[in-house]
Each structure stands twice: as C-alpha cells, then as structure tokens.
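Here the structure comes first, spelled out in structure tokens, and everything after it is commentary.
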Amino acid sequence: MKQILIEGGHILRGEIKVSGAKNSAVALVPASLLSDEVITIDNIPNISDIDALNDILTYLGAKVTREKEMMRIDATGISNRKIPEQISKKLRASYYFMGALLGKYRHVEMYFPGGCAIGTRPINLHLKAFELLGATIEEKDNLFIIHADRLKGNHIYFDFPSVGATINVLLAACKAEGKTVLENAAKEPEIVSVATFLNNMGAKITGAGTSTITIHGVQKLGRCFMEVIPDRIEAGTYIIAGALVGDKLRITNLIPEHIEALLSKLKEMHCPLKIGEDYVEISASNDIKATNIKTQGYPGFPTDLQQPITTLLTQAHGKSVLEETIYENRFQNVPYLNNMKADITIDNRKIYVKGPTKLSGQVVKATDLRAGACLILAGLKAEGKTVVTEVEHVLRGYENIIEKLENVGAKITLEEI
Ligand code: EPU
C-alpha cells in the first residue's frame with residue numbers, strides 16, 4: 001500500500017508541464033488493435049491505467065514497445081481470446097476492448113470493467129448500441145459474450161451523452177457495413193481525439209465534438225501516428241493548486257479552451273490568473289469569492305474537477321453550492337475534508353461549502369482518483385502534516401504527481417507501507 005505525506009503551507013512557484021490525457025490515451029491504446037498495421041502514439045502518460053491496458057494487449061498477443069512517452073502497438077498477430085476477469089476489472093477503460101474487438105473480429109468475450117467506485121456505472125448504453133449494430137449479447141456472472149455475424153450501420157440515439165458509449169460506438173461502427181448516425185453523442189475533447197485517430201487510420205467519421213456523429217464503415221484501417229492531447233483534468237488540478245498556494249505558478253502544455261468552464265469559474269471567484277496560448281499562470285489570494293457549480297458533460301463543468309475544486313471552495317468567502325449531476329456517489333472526499341476542518345454539508349446530489357476555513361493536516365483516505373487529488377490539494381494548503389492513504393488510485397491517473405509538485409516547492413513524499 002502506498003501513501004503520500006505532505007507538509008502544508010509551502011508556496012508553489014515555477015512551472016508544471018501537463019502530461020498526455022489519461023482519458024484520451026486509455027481509448028487510443030485499445031483502438032489501435034483495429035488497425036491492420038503498426039500504430040505509434042506519442043505523449044502517452046506514464047500511469048498505471050496505461051500499464052493495465054498494455055497487459056491486456058500483450059495478453060491478446062500484440063507486440064507493444066514503450067520508449068519514454070512513445071508507444072508502438074503491433075496488433076496484427078493477435079488472437080481474440082477471452083479477456084480474464086482479473087485484467088478486465090483493473091480499470092474502467094477495459095470496456096474499449098468491447099468496441100474494438102467487436103469492430104475487428106465481430107466477437108468479444110470479456111468481463112465487466114472496473115474503475116473508481118463513484119456510482120453504479122452501468123454499461124447499458126454501450127450494449128444497446130452494439131445490439132443496434134447487429135450484435136447479440138450474452139451475460140453470465142459478469143462475463144459478456146458479444147457476437148455479430150454481420151455488423152451493420154444504424155441510427156443510434158443515446159438517452160444520455162455517455163463518453164464511454166460514444167467512443168465504443170466509434171470503435172465498432174467504423175468497421176461496420178454502411179452508415180451509422182449517433183445522436184446525443186458526448187462532445188468531450190477525448191471523443192474528437194479518438195475520431196481523429198481513427199480517421200488518420202482511414203476511417204470515415206464526421207461530426208465528432210458535436211452531438212451528432214456520422215460514421216461510414218470501411219473494410220481496412222492502416223498505419224498512423226498520433227499524439228495524445230494534454231490532460232485537461234490534470235491541468236485543472238494543478239491550476240487549482242496554484243489558486244490555493246501558488247505564486248505565479250505556471251501550468252504549461254495545456255489547451256485553454258478545453259478548461260473554459262473551470263477558468264470562467266476561477267475568474268468569477270476573483271482568482272488572480274493570466275491565460276496564455278498554451279499556459280495558465282495563477283496565484284493564491286485571500287479574497288476569493290464563493291460560487292455555485294453544477295457538473296455537466298463537456299463543455300460544462302467537468303465532474304472530474306468537482307472534487308478538486310471543492311478544496312478551493314473551502315477557502316472562498318461565503319457559501320458555495322456544488323451540484324454533482326453525473327455520478328451518484330462522488331462526495332466521498334467530503335467527510336475527510338471536514339476532518340481537516342472544512343465546513344461542508346451534503347444534501348443528496350449537492351454540497352454546501354462555507355468558507356473560508358483554516359484547514360489542518362490529518363490522516364485521510366483517497367477513496368477514488370479525484371477524491372485523492374482533492375485531498376492532496378487540501379494537504380498542500382493545510383497547516384501541519386497530512387497523510388493521504390491508498391494513493392494507488394491517484395497514481396492510476398496522475399503522471400509523476402510527486403515530482404511535479406516537488407519541483408515547484410511542495411514538501412511531498414510517497415511512502416510504501
Ligand atoms: N451511464 C449509464 N449507462 C451507460 C454509460 C454511462 O447509465 O451505459 C451513466 C454512468 O453511470 C454515469 C454517467 O452515465 O453516471 C457518465 O458516464 P460516462 O459513460 O459519460 O462516463 P465513463 O465513460 O464511464 C468517462 C471517464 C470518467 C469521466 C466520465 C465523464 C474514462 C475511462 N472515464 O467515464 O473519468 O468522469 O467519462 O466525463 O474515460 C476520471 O477520470 O476520474 C473518471 C471517472
């Protein structure tokens with residue numbers, strides 16, 4: 001088990017460079033196996049979720065090489081075997097093997113995916129879309145057997161714009177016969193990046209980034225090179241760190257329009273910030289104002305920054321209201337923040353945060369990835385020492401978080417216990 005120790009109150013100065021986006025990379029890596037040639041992806045983050053996908057690819061017989069941020073995937077000789085439960089459940093994104101293997105081989109056998117325990121997280125929309133493309137689905141004891149004699153394009157409407165289901169439809173439909181139209185699709189930058197990747201291989205996808213996506217199936221996909229987009233959630237997390245304890249902390253290698261919702265909230269709160277073409281410079285202030293936030297799909301405020309920004313709301317003057325609309329159980333960070341002397345009440349899908357409160361160091365638990373990020377941020381601000389336990393969750397999604405924070409002046413260490 002791993003834990004992070006933080007001595008709070010140190011000012012952060014200098015530069016933090018944002019890595020490749022987890023939620024984009026975790027889709028591109030399984031998508032690679034759709035190609036009949038070798039794929040190269042650059043700017044792959046060094047996080048354990050990528051290692052887990054690598055294990056699945058290797059298990060299937062792909063040849064994967066990694067050199068720094070570059071990953072080469074040769075999936076030409078793979079055998080479409082059943083993916084065992086221990087590796088399927090290591091992460092949420094294993095579900096992208098469903099769309100990719102169905103697209104390529106018309107057959108998949110794998111178990112229900114894993115991921116952070118932040119709600120029920122069903123995959124009914126993915127499965128319904130596969131059925132509309134002509135697949136049959138058998139489910140027994142968490143094992144899914146998805147099979148199609150023929151995959152045929154169709155009109156698919158989502159009840160909810162799910163990120164995962166949208167990407168899975170792209171993966172399956174790009175090699176289906178004929179045209180698929182997907183309505184009420186998710187619009188996240190990660191969707192655009194998967195569509196670009198597949199188009200670079202030879203797919204015919206238009207409309208990614210809007211709620212209607214059209215896919216004309218093709219028979220073969222070829223070689224391509226792709227660079228993973230910057231991680232907007234990692235960028236947002238470090239920007240919030242700057243708003244808490246920064247002195248002109250510069251977060252670089254980001255795309256400001258991907259974090260528009262966060263930046264406009266920070267402006268509304270009166271956080272001193274400067275927005276450049278590919279960076280944000282931010283400082284802490286004692287005069288930040290409370291605000292109201294509601295999580296939504298892109299371009300709304302991202303649920304993945306909801307827990308990190310809660311730490312900042314504890315330092316704002318007044319009462320903030322934060323509403324979580326995507327997941328039903330994403331406030332597990334709150335009792336720990338309250339142990340650190342925050343003043344937050346939970347009311348169903350909303351929290352009320354009264355500020356400012358002086359945070360004090362405590363032993364707290366990272367119940368999930370973004371809860372862990374929230375508590376690390378709280379530890380940077382708090383008086384005294386904070387220990388964040390079970391940080392394996394955090395290491396799944398933040399590349400070199402210790403080094404990145406240490407380099408700008410944080411007193412933070414990782415301990416194995
Ligand atoms: N949903 C359904 N049925 C489905 C699919 C989704 O009811 O078939 C519901 C979910 O239960 C959830 C909501 O829709 O309440 C959102 O699900 P979505 O499918 O959009 O999310 P996801 O694909 O499971 C990805 C990211 C999440 C991120 C969400 C929303 C990956 C691997 N995960 O999850 O990332 O929160 O989109 O932006 O890309 C994280 O990085 O911390 C994280 C949880």
Taking the Cα-to-Cβ direction at Tyr352 and at Ser264 and moving 7 Å from each Cα, how far apart do the two end points lie in nm?
2.7 nm
In whole Hz, what ³J(HN,Hα) sequence does segment 219-234 give by Karplus (6.51, -1.76, 1.60; θ = phi - 60°), x for Gly and Pro?
8, 10, 10, x, 6, 7, 10, 8, 10, 5, 5, x, 7, 6, 7, 4
Quick one: helix 96-105 against the long Cα principal axis of the chain, what's the angle to the nearest 10°, folded into 0 to 90?
10 degrees
Calculate, in nm to one decimal, what Glu415 and Ser48 gain on full extension: separation in residues at 0.36 nm each, minus their alpha carbon distance.
130.4 nm
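Relative contact order (percent) for the chain, with alpha-carbon contacts under 8 angstrom and 6 or more residues of separation? Kindly include the intermediate steps, with their values, before the conclusion.
Details: 1054 pairs, mean separation 88.2, N = 417.
RCO, the chain: 21 percent.
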13 Å beta-carbon shell around Ile83, net charge (K/R +1, D/E -1)
+1
Going by alpha carbons, how many degrees (0 to 90, nearest 10) lie between the helix axis of 163-173 and the longest principal axis of the chain?
20 degrees
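Can you tell me what share of the DSSP beta bridges in segment 52-169 is antiparallel? A percent to the nearest 5 is fine.
95 percent
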Test of understanding: in a Gaussian network model of the chain with alpha carbons linked when under 10 Å, which of Arg92, Arg66, Arg106 would top the mean-square fluctuation ranking?
Arg66
What is the extension gain from Glu277 to Glu183, computed as 0.36 nm multiplied by their sequence separation minus the C-alpha to C-alpha distance, in nm to one decimal?
30.6 nm
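Among Lys89/Lys128; Lys22/Lys365; Lys341/Lys365; Lys365/Lys385; Lys140/Lys204, which pairs are too far apart, with a Cα-Cα distance over 24 Å?
Details: Lys89/Lys128 21 Å; Lys22/Lys365 22 Å; Lys341/Lys365 15 Å; Lys365/Lys385 14 Å; Lys140/Lys204 35 Å.
The answer is Lys140/Lys204.
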Heavy atoms only, probe 1.4 Å: what % of the accessible area of the chain goes to carbon and sulfur, would you let me know?
47 percent
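Can you tell me what share of the DSSP beta bridges in the chain is antiparallel? A percent to the nearest 5 is fine. Intermediate results must be reported in sequence, preceding the final value.
On the way: 55 of 78 bridges.
Of those bridges, close to 70 percent are antiparallel.
Divide, for the chain, the radius of gyration over alpha carbons by 2.2 N^0.38 Å, where N is the residue count. Provide the component values of the computation, followed by the final result.
Values: Rg = 21.4 Å, N = 417, 2.2 N^0.38 = 21.8 Å.
The chain yields a ratio of 0.98.
Need one number: % antiparallel among DSSP beta bridges in segment 22-227, to the nearest 5. Intermediate results must be reported in sequence, preceding the final value.
Numbers: 26 of 36 bridges.
So the antiparallel bridges in segment 22-227 amount to around 70 percent.
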Helix 369-381 sits at what angle to the longest principal axis of the chain, using alpha carbons and giving 0 to 90 degrees rounded to 10?
20 degrees
Per residue solvent-accessible surface (Å²) - the chain, probe of 1.4 Å
39 Å²
Arrange the residues Asp141, Asp347, Asp368 by how much accessible surface each exposes, largest first, with a 1.4 angstrom probe.
Asp141, Asp347, Asp368
Cα centroids of segment 256-327 and segment 197-249: how far apart, whole angstrom?
21 Å
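The values are calculated or read from the model by the stated rules, or taken from the named source; none is laboratory data. Please read all numbers here as calculations on a predicted model, not as lab measurements. Neighbour counts run over all protein chains shown; Cβ positions are idealised from the backbone, glycine included. To get the accessible areas, we keep the full protein, side chains included, count just its heavy atoms, and leave off ligands, DNA and RNA. Shrake-Rupley method; radii C 1.70, N 1.55, O 1.52, S 1.80 Å.
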